[in-house]
Each structure stands twice: as structure tokens, then as C-alpha cells.
Amino acid sequence: MSHPLLSVSDLHFAHTGGKAVLSGVSFTMPVNEVLVVVGASGSGKTTLLRCIAGLDLAQRGRVVLDGALLQDEAEFMAPEERPVGMVFQGHALFPHLTVKGNIGFGLYRVPKAERVKRVADELASVGLNGLGDRYPHQLSGGQQQRVAIARSLVLRPRLLLMDEPFSDLDRRTRQQVRTEVLQILRAHGTGAIVVTHDREDAYHLADRIAELDQGRFVRIAPAEDLRKEWAQHPLQG
Amino acid sequence: MVVVVTAPFHAPAPEWSHVYRDVLPMHLLETILLLGGTVLLTVVIGVLSAWLVAAYSFPLRGAMRWMLVLPLALPTYISAYTYASLFGATGTISLWVHDLSGFRPDIVGLPGLIVVMALVLFPYVYLPARAVFASGLREQLEAARMLGARGSRRFLRVAVPLARPAIVGGAVLVAMETLNDYGAVKYYGIRTLTTAVFRSWTGLSDLGSALRVAILLLLLVVLLLWWERRSRIHRQQATDAVPMVRQRLTGKRAALATIWCLLVLVSGFLLPAGKLLLDAFTIDRTDTWAIDLIALRNTLGIATGAAFLTLLIALFLVFILRHERKSWTHGLVRAATLGYAVPGAVIAVGVMTAAGTIDRQAGLSFTLIGTIGLLLYAFTVRFLAVAVQPLQGSLTRQHSNVDDAARMLGASPGRIFLRVNLPQLRPAILAAAMLVAIDVVKELPLTLILRPFNFNTLSTRVFEMARIEQLREAAAPALLIVLCVLPPLLFLDRQLARSEG
Amino acid sequence: MRPLLLLLPFLSACGTPGAAPTDDTPAKEVNVYSHRHYDTDAQLFKAFTAATGIRVNLVMADDDEVLTRMEQEGANSPCDLLITSDAGRLGQARMRGLLQPIRSAELERNIPPFLRDPDGHWFGLTMRARVFVYNKNKVRPEQLTDYNDLVRPEWKGRVLVRSAENLYNQSLLAAMVAHFGTETALAWATGITVNMARTPKGSDTDQLLAVAEGIGDVAIANSYYVGKLMSSSEPEKAKARENLAVAFPHMGPYGTHVNVSGAGVAKSAKHLAEAIALLEFLVGEEAQRLFAEGNKEYPVRPGVAVADVLQRFGELTPDTLDLAQLGLNNATAVKLFDKAGWR
């Protein structure tokens, strides 16, 4: 059997002088899985992503991605070295760069000709053909979202972290982008952790759903189980 | 201001053809070289230091963060004199180097002046850049990290372009300070537009030509301001105000960061200030301290008065700008703030001309010239820009919805401004007052020309000593200037630091 | 200008401190605008007050700025006495109608005619000579008898002098224009520019220190800076002067170029008697001695001794050119500097 894509064990994080945000999170993810993390606001969802990305420095815990150690007590791999992509809430696009510039930003070590081609391919695969020379503020919310995803995926990360990726899209666009994202993830064989508070996102995206409460996973279960449960209690969650 | 702009068109300028042909070309060229070099170097020093302090942790970082604003406490001309006394051809350190190696360093010249000016003026860029780096760009910088960008790439490709409006804003202030300097450029033998103004006025006795050159100077400033505005257009500033998580540097990189900051601090402040301290206490006479203390009292008095008056007028300007949204108000405010780039002596002439006209028209039995009131008014003309900028910045961050809501509750514009806008402006008002006070303490020519009888300030004391080439005697009042400027400067730094988180 | 109008009441309330024009109770005071920033002057004013009971109120600023201020103040100007350090500016002040003629036997007796305005608009108080300071080890004094000597090819790369921005350079060249015309003056300025050891920068004192250090061999400098350096207690300066000596060059058939620091009574003077009293005091024996000893200037009053540090380098034979010429030719001189490329 193949080894897991990601294994996180006993992850602890607290702000300096503040109370614990993560207190012992452990889980593993098989290759290709889309794990959706749900939980009330303040439950530590975003911090979990940031610790896996390496943007926040977990005080304790071990993270292994695809057999490579990202961090433990002794080692720490800088975020820019990790084969992990991240889509931020609010996209964090570079306002001074065009769509092409945004997507090509991480490819700076790739020869120019190849970079141009890969950016063009990526543009096509997220359906943004013809918009490459626009600036972010000239795009709609859905288009911006796609640029944010495209610039991460063009680097072919092993794992994509997404923080409330669809929160500022309207209902129709949301459905459409969600479907596309799922297709892209499947096509590239990329695993993903998606943080959301939206039950519908979770419902449509997840292979498994994990529920975070007070810095701990209180439950992690196949999406099927939760779908059934939600069907019985439609007003909760 | 109005006088400076309109006078040249009816004032006779008998020597204009000479000024135009034989003076302007070289003076314009050297002005541009000086301006370009100084602005470039301040941007490099200011932005790099701001980035290190905002993005990384390294030994002494906490102290460096605030100490790097200290060079602003030194008036440019004082720093320039001090540097010349150390590194000029016959300066103390140059002589020593010459004895040891036979090589004779000489900082007095265009490249040297660029370095000296940049070392004093870089905090104008450092402060705003630090503020943006520390709290305005976290998301974009983290996104860049997740896209594999290392420190230098994040700095050059994300942080610097995104902080450009702030950096350009600081650079424009640096440019204005460079343009209006007279003492340092004269001593270093540089020909600038400002020296051309004086050459026409005092050398050729042609005030008309002098004012025409001053207009050229103003045009240059208008160009700079246009550049500043342009850098703000089409760029929505990211304003997520989340403090950046600093990366810890270790080993050689940490040492390099500390050394860089120390180098900037020592050469920008500690070295010249130390030399002043040494001179002030090795001078063999102490009888001047009493005069210096009276000068200190006068300095604090006019700084307070000018800050108060300037603030009043600045508030009035931003009020009409807010509630009278017509195109002429923008023009008025912009014209009113040009004074910052004009050499003080030119403003003094303008103000005297205006006051003289009023004297005659009103048939006064005394003259307004030489009153404290006129001196304070002249400071206002000169430093209005310094006060308007932070106020305007803070006011544009107040959402106009609030004004509309107040209006729906039946408040008049005046009442809205007093009861809604003004309370929120408090930090900006305080900052603006401090900035004006700092500038007034450091200012020289206006005070010199417009002061009442028997009225000395610290800067006139420094000038009087420096003028008769007694640079050591100038050290004590110069040091007092630094001491006066430090508290408001550090207050400003703290205020900014709080907003950085 | 609207903000100014708002301020009028405030301004009037401030009044003019120290210069209240109270005609009914004539205050014993005199208001002085001065370009001179020396300690000796402060001492002299103190002595004057002690001797006469007349208070001296002072504004110090540069000549041209002071003239502009007087002009704008017009008839209301509180200024009684104008003191400058350039005869040219005094001549200008007269032409611009800022001064009034004074008749005083005391002044006329004690000031040689060429050092004062023929009609009594202004009077010279002290002289400053534009001299050569050379390196004793490298230069023989016979090489330096005329200003023109320095344009010879042997001096290439050896001459140190300040920028043309400097007033005393301007008045030196103005004197040449007055004596020999513009072409000769331009030839001289061009010759000096060619022979300069470095581009002009720094102060007069800096030029002297540079001679001592061997950066050049001869400097054109103002005599009272030379005197100050020669009597300074600062170690670097004490060391520097060991190598230095002074020469008093002639201007062709005429003497060494001098300019004066002088004074004139303002047309608007409200304290006329006090102003004249102060003028007479300043050319008195005591004051002239202090100018000479304290500030190393040449006294105008015959019979008052020159400071030792200057006297030992030789006698000053001043050029007796009508000093008003300096003012009349100043603009021409500045233009010639620009033509010669002397920055």
C-alpha cells in the first residue's frame, strides 16, 4: 500500500502569551484526497492551514508530506521550500501584476519560453483565456478566485491549502468554480485541505470531513456519513 | 506664495539673459544630479532598512527600529558642516588617514554631499516604508512565500512595488528638502537652482531674475508632486493592517542585518552628533551657554506658536476640501502646500513684500515686518504642506458615509467637521503639530530675516557662529537643536509603531 | 493671502517688541540692522550702553535680506542704523534711498575720505584686505607682489580660492573692473580658474588649512580670517599656521584690495541722535582697538594699532579706489565669473 500523502501528528500552536489555538491535532491524508475542515469561527481552522504551510510556527508536532519531513522538534522547512500551495481568503493577488504576472510569479526559475507556455496552459485550464493582460482589479470575484488557484496549481504542488476559497462568490458562480476546482484537483492528482464554514461547499467537495473544535479534531469521517447526518438535521451545522 | 508666483511677471529682470544663458544650464544640471543621487540613495537606504526591521528579527532590531529615525533630528546643513570637518580635505579624520596612507579623502563635493544628505534624510522614506511593510502587505507577502519566493524576491517583486506610493511620498519630501537647501550646497560648492536664486538676487542685485529662477524651482516641485500623484493612481493600497510575522535571521545573515543598521545609524546620526558633543564640551568658553539658553526658550516658543497657527490653517483647508468638493479647492490646497520646496529666503521676501503692501495700504503707523506674528505666518506658508499631508491622509480614511449619516441627522458641514471628523483626526493633528514643530526648530533663513530685535533662536545661533567660520562654537546650539527635536521625533515614531502592531 | 487677513488683529497685538515708536517719551535706545555676527560687536554695544545709557536693539541677517526688509518696511522701518560688511551694499542702500546724509566732524576727522561716502550716507568702520596666504616652504614672497602674478603658468594647479558666490571675491573682481575694465578683469578670472588647485569649495579658513596641508601653495583669502587662524587656540589650526605666511599683493599701480564693514543712518531713523552717537562711538579709539584686536580687522581710524598677528606679515597699503565702485561693478563681476567658469 502506498504511504499517505500527508501525516500530521500532535500539532500544537499558541500565540505568544495567548491561549492555545491548536492543541494536539493529528490526522493522515491519502493521496488525492480532498479533506474539508469545518468548525465554528475561532476554532483554529485557518491556523491549522498556516501551520501546515509553515507560515505559523507550531510549537510542537510533526508534519510529513509525501515522505519528506516538513517539520518536527528539530527540523523546520521554510514555507517557500515546501511543495505546498495555498489559496488565501480574499485571494491575496498581487495588484501590481497582470493575471499572467500573477500566475507566472512562482515560475521564476523556469526558462522564459517554458514559463510562457505553462502560464498559457494554466490560463486555459481555469478558463481565463484572453484575460492574461488584465490587472486583478479589472476582474470579477470569480475570475480573481481562479487566478488565485491557477497561480498555486501551476507550480504543481503536492498539496493545496484553501482558506474559505469561495466565500465572496455569489451562489451561481460558487457552484461553477467549485466544480471546476474539483476537476482540476482530480486532473493533477493534487490533494487538498479546504477550510470552510459553508455546509454546501463541504457537501460537494469533500472526500472526508473533519470537524475542528477548540483546537482539536473532534471527528473525522467520510463525507458520506456527514451527508446522511445533515440530511436528517438540515438546520444544524 | 501668491507674491512669489505673480511678482516675476511684472518685476523687471535686467540680468535675465545672462542668468538664462550662463547660470541656469549648469545650475539646473547640478540640481538634477544632486536631486537624482540623493533621492536614489535615500530610497535605497530607507527602503532596505525598513524591510530588514519590518520583516526580520535579528540582534538589536528592537533598538534599531526607533533609532533609525534619529538622523532626522540633525538639520542638513549642520550634518554637512560636521562631515566636512571630519572628512573634508583638511578634516580631522582625513588628515589622520593622510598621515597613515598618503591618501587624502575629501567628502566635500557633489558625490559627498549626496551621501551626507541621504544619510540625514533617509528616515523620510524609512518611516512610511516601514509602516507599509510592517502592517499593510502580510497577505501578499505570504502568498509570495507559498509561491516559492525567497526573501530577496519577496522584497523586490512584491514589497517594494506595493509600497511604492509610500516610498514615493517620502522621496518627494526628500527631494523638496534637497531643493530648498542653501547652506550645505554652498559650502560643498554645488551649483543648484537655489544658489542661482541667490546669485541673481545678491550677486547681480536682480530680484526679478531671482524670482524667475524660483518659479523654475516651483515647476520642478509641481513635476515631483505630479509624479507622486501618479504613483497613487490605479493602485488600490492593500489595507489589511495585519502585522507581519517576522522571520528570525541567524548566523551570518543576522550579523549582516545588524551591521547594516548600525552602519546607517552611526554614519547618519551617532558620528555627527558625537562630534558635536565633543566640540560642545571641549570648547574653552562657557559664557555663550546663557545666550544659548535664551535662544532655546525662543525656539520652543516659536515652534509651539507656529505649530498651533499652521494646524489651524491646515484644518481649515482640509475642512473645505472635505465639504466643498469643487475642483478649485484642490487647486488651492495644492498651491498652498508648494511653500515647502521654496528656499526660506525666497518665502521671506514674498512675505515681506506682502506685509509691506499691507502696511502701506492700511496706513499703519508701524510695520508688520519684524513682528512675531509675521514670523509665525511665514512659517505657516513654508510648512503648511507638512501639516496638511497627515491630516488629509487621515481624513480620506474616514468614510464619507459617516458624514452623510450626520447630515441626515441635520448637522451642518461645520458641525459635522467639529463633532464627527475632528475627534477622529486627533492622532493625525498631534502628528502634524509635531512635524511642523520639528521643522521650525531646524529652520534658518525665515527666522534670520524676519525676526524682531534682539531675538535669537538656536538655528540663528548656529548660523552666526558658522558664518564667521567658528564651527566649534556652533556645536552647543546645534546640539540643543538635536535635543529639542528628539522628543517629538520619538513620539512620532511611537505613534507610527503602534499602528504597525 | 486670505489667511493673513484673518491674522491681522493677532499681529497688531504683537506690536514690534523692542521698537515701540513712542514719540512722546523718547526712549534712549537705538535700533540696529547688522550683517556682522561677531562677539566683538556685542561687547562694543554693551560698552556703548554702559557709557551713554542708550540701549542697542539688534537684528542680525545678511546684507541683501536686510536691505529688502528695510525697503519693504519703508517709512515705518524701526531701523536707525544699518551696519553691513560690504561697501557695495552700502552704496546700494544709498541708491535705493534707504540712508540719509550725516554731517559729523568727529566722523570726518577720524575716517579717511576714501573709506566713507562723500555726502555722509555711510561710513567705513573697519577694513578687510583680500590677501595671499602662501606656504613658506614652497613659495618665495617675491613671487607674490601683484594679484596678476597668480595667473602665470607657474601657478597652474596651485591656487586655492573660494567659490564666486563669495562676496569678497566679487568685490575684488569688481575693483579690477573699475580700474582696468572688463576685459582685463575677465582675463584675470579666467587665469585664476585655469590655475586652481581644486574646484572652489569650503570657507576661507578651509583654503588656509588646505595651503598648510599642501593641497595648493597659495590661497586668496580675507585678512581677518587669516588673523583669526593665526591666533586660534585650536590644535589643528595652531599646527597649520606654522607653514603659513601672508603677502599683500598690489593691484597694478594701486594698493591691496580692501572692502569695508561700514554703517549708515537709516532714512527712517526715529532715534537720529542716538544713531549718530553710536556711529561716533564705533570709530572711537576704544572701539577701533577692539575691532583690531578682537576681530583682527584693520581699523579705519589712523593711529590705532593693527593686530600683531597681522602686523608682523607687513604693512597694508590699501587701494584707495572709491568704494562705491564696488557696488556699481558687482553685477558685472558676477557675470565675468560665470563667463570664466569660476564656480
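The values are calculated or read from the model by the stated rules, or taken from the named source; none is laboratory data. Bear in mind the structure is a predicted one, so any value in this text is a computation, not a measurement. Neighbour counts run over all protein chains shown; Cβ positions are idealised from the backbone, glycine included. Please note that ligands, DNA and RNA were not included when accessible areas were found on the heavy atoms of the full protein model with its side chains. Shrake-Rupley method; radii C 1.70, N 1.55, O 1.52, S 1.80 Å.
Filter the range C:41-77 for residues that are under 20 Å from C:Trp122 (Cβ atoms), more than 7 Å from every other protein chain (Cβ to nearest Cβ) and not hydrophobic (A, V, I, L, M, F, W, C) and give the result. Listed by number, the residues that qualify are C:Asp41, C:Asp62, C:Asp63, C:Glu71. Restricting the range B:143-161 to residues that are surrounded by fewer than 22 Cβ atoms within 10 Å (Cβ to Cβ) and either part of a helix (DSSP H, G or I) or more than 8 Å from chain A (Cβ to nearest Cβ) (or both), the residue that is modelled with the lowest pLDDT is B:Gly151.
Given the range A:1-43, what strands (runs of 3 or more DSSP E) lie entirely inside it while holding 1 or more residues that are open to solvent by 50 Å² or more (accessible area, probe 1.4 Å) and over 27 Å from A:Thr190 (Cβ atoms)? Please lay out each step first, then the result.
Values: elements: A:6-14, A:20-29, A:34-38.
Hits in the range A:1-43: A:20-29.
Is it true that B:Leu375 is in a loop (DSSP other than H, G, I, E, B), open to solvent by less than 10 Å² (accessible area, probe 1.4 Å) and in the same structural domain as B:Leu332 (by TED's automatic domain parsing)? Lay out the reasoning, then the answer.
On the way: in a loop (DSSP other than H, G, I, E, B): no; open to solvent by less than 10 Å² (accessible area, probe 1.4 Å): yes; in the same structural domain as B:Leu332 (by TED's automatic domain parsing): yes.
It is false that B:Leu375 is in a loop (DSSP other than H, G, I, E, B), open to solvent by less than 10 Å² (accessible area, probe 1.4 Å) and in the same structural domain as B:Leu332 (by TED's automatic domain parsing).
Residues that are open to solvent by 30 Å² or more (accessible area, probe 1.4 Å) and within 30 Å of B:Glu177 (Cβ to Cβ) are absent from the range B:398-420.
Does B:Ala196 qualify as being at pLDDT 90 or above, among the small types (Gly, Ala, Ser) and over 30 Å from A:Met86 (Cα atoms)? Yes; evaluated as a whole, the condition is true for this residue.
Here's a check for you: in the range B:337-358, which residue that is in a helix (DSSP H, G or I) and over 14 Å from C:Thr68 (Cβ atoms) is nearest to the other protein chains (Cβ to nearest Cβ)? Outline the logic, then answer.
Residues of the range B:337-358 that are in a helix (DSSP H, G or I), as a first pass: B:338-341, B:344-358.
Then keep just the ones that are over 14 Å from C:Thr68 (Cβ atoms); that gives B:338-341, B:358.
Working: B:Leu338: 15, B:Gly339: 12, B:Tyr340: 16, B:Ala341: 19, B:Ile358: 7 Å.
The selected residue is B:Ile358.
There is at least one residue in the range B:90-107 that is in the same structural domain as B:Thr76 (by TED's automatic domain parsing), within 30 Å of B:Tyr182 (Cβ to Cβ) and open to solvent by less than 10 Å² (accessible area, probe 1.4 Å). Within the range B:426-447, the only residue that satisfies the criterion of being without any contact (Cβ under 8 Å) to a residue 40 or more places away in the chain and either of a type in the set (A, V, I, L, M, F, W, C) or within 22 Å of B:Leu483 (Cα to Cα) (or both) is B:Ala428.
Just one of the listed residues (B:Arg419, B:Arg451) is out of contact with any Cys (no Cβ under 6 Å at 6 or more places or on another chain) and within 14 Å of chain C (Cβ to nearest Cβ), and it is B:Arg451. Note on the range B:328-357: residues that are over 25 Å from B:Leu444 (Cβ atoms) and open to solvent by 20 Å² or more (accessible area, probe 1.4 Å) amount to 6.
Yes/no matrix, rows are residues, columns are (1) open to solvent by 90 Å² or more (accessible area, probe 1.4 Å); (2) over 24 Å from the mean Cα position of the chain (by Cα); (3) closer than 30 Å to B:Arg150 by Cα:
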site	(1), (2), (3)
B:Arg248	yes, yes, yes
B:Lys252	yes, yes, yes
B:Leu262	no, no, yes
B:His323	no, yes, no
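Restricting attention to the range C:163-174, does a residue exist that is touching a residue at least 60 places away in the same chain (Cβ under 8 Å) and surrounded by fewer than 17 Cβ atoms within 10 Å (Cβ to Cβ)? Checked against the condition, which is being touching a residue at least 60 places away in the same chain (Cβ under 8 Å) and surrounded by fewer than 17 Cβ atoms within 10 Å (Cβ to Cβ), the range C:163-174 yields no hits at all. Please pick out the residue among C:Ala178, C:Ala221, C:Ala212, C:Ala197 that is under 22 Å from the mean Cα position of the chain (by Cα) and within 13 Å of chain B (Cβ to nearest Cβ). Result: C:Ala221 is the single residue among C:Ala178, C:Ala221, C:Ala212, C:Ala197 that is under 22 Å from the mean Cα position of the chain (by Cα) and within 13 Å of chain B (Cβ to nearest Cβ). When B:Ser79, B:Ser94, B:Ser85 are screened for being over 26 Å from the mean Cα position of the chain (by Cα), part of a helix (DSSP H, G or I) and of a type in the set (Ser, Thr, Tyr), only B:Ser94 passes. Tell me, yes or no, whether the range B:380-394 has at least one residue that is over 29 Å from B:Leu444 (Cα atoms) and in contact with a helix residue (DSSP H, G or I) (Cβ under 8 Å, 6 or more places away or on another chain). There is at least one residue in the range B:380-394 that is over 29 Å from B:Leu444 (Cα atoms) and in contact with a helix residue (DSSP H, G or I) (Cβ under 8 Å, 6 or more places away or on another chain).
Check whether at least one residue in the range B:359-368 is in contact (Cβ under 8 Å) with a residue 60 or more places away in the chain and not polar (S, T, N, Q), and report yes or no. I'd like the intermediate steps shown before the answer.
From the range B:359-368, those in contact (Cβ under 8 Å) with a residue 60 or more places away in the chain are none; that's our starting set.
Taking every residue of the range B:359-368 in turn, none turns out to be in contact (Cβ under 8 Å) with a residue 60 or more places away in the chain and not polar (S, T, N, Q).
Residues in the range C:264-278 that are within 14 Å of C:Ile111 (Cβ to Cβ) and surrounded by fewer than 24 Cβ atoms within 10 Å (Cβ to Cβ): C:Ile276 alone. Of all the residues in the range A:56-90, those that are more than 22 Å from A:Val34 (Cβ to Cβ) and open to solvent by 50 Å² or more (accessible area, probe 1.4 Å) number 11.
Annotation note: Cβ proximity below 7 Å between a residue of the range A:63-86 that is more than 9 Å from chain B (Cβ to nearest Cβ) and a residue that is open to solvent by 20 Å² or more (accessible area, probe 1.4 Å) and hydroxyl-bearing (Ser, Thr, Tyr) (sequence gap 6+ or interchain) occurs for A:Val64/A:Ser7.
Within the range B:188-214, which residues are under 20 Å from the mean Cα position of the chain (by Cα) and either acidic (Asp, Glu) or more than 10 Å from chain C (Cβ to nearest Cβ) (or both)? Those that are under 20 Å from the mean Cα position of the chain (by Cα) and either acidic (Asp, Glu) or more than 10 Å from chain C (Cβ to nearest Cβ) (or both): B:Thr192, B:Leu193, B:Thr194, B:Ala214.
Check B:Leu277 against each of (1) surrounded by fewer than 22 Cβ atoms within 10 Å (Cβ to Cβ); (2) without any contact (Cβ under 8 Å) to a residue 60 or more places away in the chain; (3) more than 12 Å from chain C (Cβ to nearest Cβ) and name the one condition it does not meet. Single failed check for B:Leu277: (2).
Looking only at residues in the range A:101-141 that are assigned to a helix (DSSP H, G or I) and among the charged types (D, E, K, R), the one that is most open to solvent (accessible area, probe 1.4 Å) is A:Lys112.
Tell me the residue from C:Ala187, C:Ala197, C:Ala219, C:Ala212 that is surrounded by 24 or more Cβ atoms within 10 Å (Cβ to Cβ) and hydrophobic (A, V, I, L, M, F, W, C), please.
Values: C:Ala187 fails: surrounded by 24 or more Cβ atoms within 10 Å (Cβ to Cβ); C:Ala197 fails: surrounded by 24 or more Cβ atoms within 10 Å (Cβ to Cβ); C:Ala212 fails: surrounded by 24 or more Cβ atoms within 10 Å (Cβ to Cβ).
Only one candidate passes the filter, namely C:Ala219.
So which helices (runs of 4 or more DSSP H) stay within the range C:226-343 end to end and still have 3 or more residues that are at pLDDT below 95, closer than 27 Å to B:Lys186 by Cα and not charged (D, E, K, R)? Talk me through it step by step, then tell me what you get.
Working: elements: C:235-241, C:272-282, C:285-295, C:308-311, C:324-340.
Correct list: C:235-241, C:324-340.
Within the range C:90-104, restricting attention to residues that are assigned to a helix (DSSP H, G or I) and more than 9 Å from every other protein chain (Cβ to nearest Cβ), which residue is surrounded by the fewest Cβ atoms within 10 Å (Cβ to Cβ)? Full working, then the answer.
Kept after step one, since they are assigned to a helix (DSSP H, G or I), are these residues of the range C:90-104: C:90-95.
Still in the list and also more than 9 Å from every other protein chain (Cβ to nearest Cβ): C:90-91, C:93-95.
Values: C:Leu90: 32, C:Gly91: 24, C:Ala93: 24, C:Arg94: 20, C:Met95: 14.
Only one residue tops the list, namely C:Met95.
Here the condition is being within 14 Å of chain C (Cβ to nearest Cβ) and either open to solvent by 20 Å² or more (accessible area, probe 1.4 Å) or on the phi < 0 side of the Ramachandran plot (or both); of B:Pro25, B:Pro59, B:Pro75, B:Pro71, it holds for B:Pro25 alone. Only one entry in B:Leu435, B:Leu480 is under 18 Å from the mean Cα position of the chain (by Cα) and either part of a helix (DSSP H, G or I) or polar (S, T, N, Q) (or both), namely B:Leu435.
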